[in-house]
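Colleague: Structure provided below as structure tokens; questions to follow.
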Amino acid sequence: MDKQLKDVIDTVQHNCHIADARHAGDYTLCVYLLKMREMYRWEQSIDFKTMLTTDDVGDWLTSREGVWDELEEQEYKNLEIDEKTFKPFENELINSTLDDKKLVYNAGLGIRSRPHFFIAELEKFIQHDDYTIFISNKEFARDMAAPPAMAQGKNIFVRRESLRRVIWEILDDARVAGLDNPLTRAMSFYDFETDPETAINQMTEVEIEYVIEHEIGEVKAGELLGKLNVANDGDQVWNEMLDTYSQTHAEIMLRAIRDHIADSITTLPKLLEDVSKGENMASLHFYFGNLTAMRKHLAPKLVDAYQQWNETGSLDLIQQSADLSKNHWLKLSQQLIEQFLAAKDSSTIEEIITENKLI
């Protein structure tokens with residue numbers, strides 16, 4: 001790798017450190033330690049079968065927090081590529097410059113407006129209808145959160161390496177707990193006991209398709225939300241709600257609803273189609289095992305439907321729930337948008353959502 005590319009990677013990692021310094025406190029202590037453990041694993045190129053101890057990570061963690069103390073108040077750096085200067089969020093311009101270098105870059109805002117940055121090896125890009133899907137592999141710079149996918153406009157960034165790590169974190173926690181649950185059921189379809197590296201690669205290869213479906217669903221959900229209010233762009237109002245209720249219970253509820261809409265459009269129909277053909281049953285277990293507590297709380301009908309399928313093998317109730325889901329959440333979203341435009345009281349928003357679960 002030439003010096004120019006190394007400098008670009010160092011700049012992206014510098015910006016990642018600033019984002020981490022500013023937002024590490026967003027996590028509970030337990031989640032923070034888990035994310036830092038896996039960040040250490042990534043930086044040191046340690047395989048998944050190697051168990052990490054507190055002694056392994058402790059000194060590194062102390063050193064990293066010291067770096068953050070120095071960087072927290074600094075501004076994000078511009079990127080210098082081919083004698084041109086780019087602001088860190090100029091994704092399209094940066095990627096047009098990196099294209100011949102077979103790299104992909106992304107900067108975006110996640111939950112609570114937390115900035116995320118990464119630069120990685122571009123594995124391939126796919127044109128799907130009017131969406132461009134960038135799939136990356138080896139990552140050269142990343143932050144501690146490293147979301148495995150992100151949609152921006154009609155560009156979708158899917159990070160294979162981060163997806164592998166997220167899947168591993170989820171499954172490792174489930175394995176340690178040692179209980180019969182959707183995640184351990186998903187693991188049973190792969191040889192995690194004797195060859196975890198191969199198993200995680202195989203599982204990632206399957207799950208990446210459903211990650212893409214979800215991100216396409218996110219884009220389509222935005223389009224549908226945009227049509228919900230005649231006088232205003234509903235999607236813009238929705239994003240304004242997220243900003244207004246940032247770091248509140250209402251924000252978590254709104255994000256869960258948006259995810260339910262996205263999955264009702266693309267992910268669930270694709271999963272049900274595949275499982276009905278006897279394919280990828282592990283993925284349906286993994287999907288339900290990976291639902292957040294809030295998503296399960298808001299859609300008990302869907303959770304009950306999964307239990308029926310697990311016990312009887314019948315997809316009927318999941319199919320019925322999926323068929324109801326899209327209209328249910330869009331109708332609720334319209335009500336929430338109208339309420340927000342009338343009065344921006346978060347407690348009222350929470351009450352409306354609580355009264356309109358999918359049951």
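Colleague: Give me, ordered by chain and number, the residues 5 or more places off residue 141 or on other chains with an amide H under 5 Å from its own placed amide H.
Modeller: 119
Colleague: In whole angstrom, note down how far apart the Cα centers of the stretch 171-187 and the stretch 17-53 are.
Modeller: Answer, in whole Å: 21.
Colleague: Another question, if that's okay. What residues qualify as long-range amide H neighbours of residue 131, i.e. H under 5 Å apart, gap of 5 or more or another chain, H built at 1.01 Å from N?
Modeller: Here the answer is none, since no amide H 5 or more places off falls under 5 Å of that of residue 131.
Colleague: Using a Gaussian network model on the chain with a 10 Å cutoff between Cα atoms, which of 146, 293, 305 fluctuates the most?
Modeller: 293
Colleague: Could you give each residue of the stretch 108-121 its phi-based ³J(HN,Hα) in whole Hz, using Karplus coefficients 6.51, -1.76, 1.60 with θ = phi - 60°, and x for Gly or Pro?
Modeller: x, 10, x, 4, 6, 6, 7, x, 10, 10, 7, 9, 8, 5
Colleague: Note down the net charge around residue 10, summing +1 for each Lys or Arg and -1 for each Asp or Glu among other residues with Cβ under 15 Å from its Cβ.
Modeller: Combined, the nearby Lys, Arg, Asp and Glu give -2.
Colleague: Within the chain, what is the longest stretch that has no trypsin sites (Lys or Arg not before Pro) placed in a DSSP loop and near at most 16 other beta-carbon atoms within 10 Å?
Modeller: That gives 155-226 as the longest site-free run.
Colleague: Helix-derived [θ] at 222 nm for the chain: sum -39500 (n - 2.57) over DSSP H runs of at least 4, divide by residue count, nearest 500?
Modeller: Roughly -19500 deg cm²/dmol at 222 nm, from the helical runs in the chain.
Colleague: Can you give me the C-alpha center-to-center distance between the stretch 326-349 and the stretch 96-142, rounded to a whole angstrom?
Modeller: 33
Colleague: Distance in nm between label sites at residue 73 and residue 198, each 7 Å beyond Cα in the beta-carbon direction?
Modeller: Spacing of the two 7 Å Cα→Cβ label points: 5.5 nm.
Colleague: Does the stretch 24-111 come out rounded, prolate or oblate, given a ≥ b ≥ c as the square roots of the eigenvalues of its C-alpha gyration tensor, rounded meaning a/c under 1.5 and, failing that, prolate meaning a/b above b/c?
Modeller: Taking the square roots of the gyration eigenvalues as a ≥ b ≥ c, the stretch 24-111 is prolate.
Colleague: Could you pull out the pairs from 77/101; 102/326; 3/87; 3/77; 124/270 whose alpha carbons sit more than 27 Å apart here?
Modeller: 102/326, as the Cα separations exceed 27 Å there.
Colleague: Set the bar at 25 Å for Cα to Cα. Now go through 35/138; 301/344; 49/277 and name every pair that lies beyond it.
Modeller: 301/344; 49/277
Colleague: Report the relative contact order of the stretch 3-160, percent, no decimals, based on alpha-carbon pairs under 8 angstrom and at least 6 residues apart.
Modeller: After rounding, I find 24 percent.
Colleague: On to the next question. Assign one of three labels to the stretch 3-160, namely rounded, prolate or oblate, based on the Cα gyration tensor with a ≥ b ≥ c the square roots of its eigenvalues; rounded applies when a/c is under 1.5, prolate when it is not and a/b is larger than b/c, and oblate otherwise.
Modeller: Note, shape of the stretch 3-160 comes out prolate.
Colleague: Rounded to whole Hz and in sequence order, give me ³J(HN,Hα) for the stretch 87-92 from the Karplus expression 6.51 cos²θ - 1.76 cosθ + 1.60, θ = phi - 60°, writing x for Gly and Pro.
Modeller: Couplings: 5, x, 9, 8, 4, 5 Hz.
Colleague: Another question, then. ³J(HN,Hα) across the stretch 203-212 via Karplus (A = 6.51, B = -1.76, C = 1.60, θ = phi - 60°), whole Hz, x for Gly/Pro?
Modeller: So the Karplus estimates, Gly and Pro as x, are 5, 4, 4, 6, 5, 4, 5, 6, 5, 4 Hz.
Colleague: Just want to confirm a number: the relative contact order over the stretch 228-359, from Cα pairs under 8 angstrom separated by 6+ residues, in percent.
Modeller: 35
Colleague: Provide the descending list of Cα extents for the stretch 228-359 along its principal axes, expressed in whole angstroms.
Modeller: 48, 26, 21
Each reported figure results from applying straightforward, stated rules to the coordinates on display, with no laboratory input. The structure presented is a predicted model; accordingly, all values stated were derived computationally and were not measured. Cβ atoms come from the backbone with ideal geometry, glycine included; neighbour counts cover every protein chain shown.
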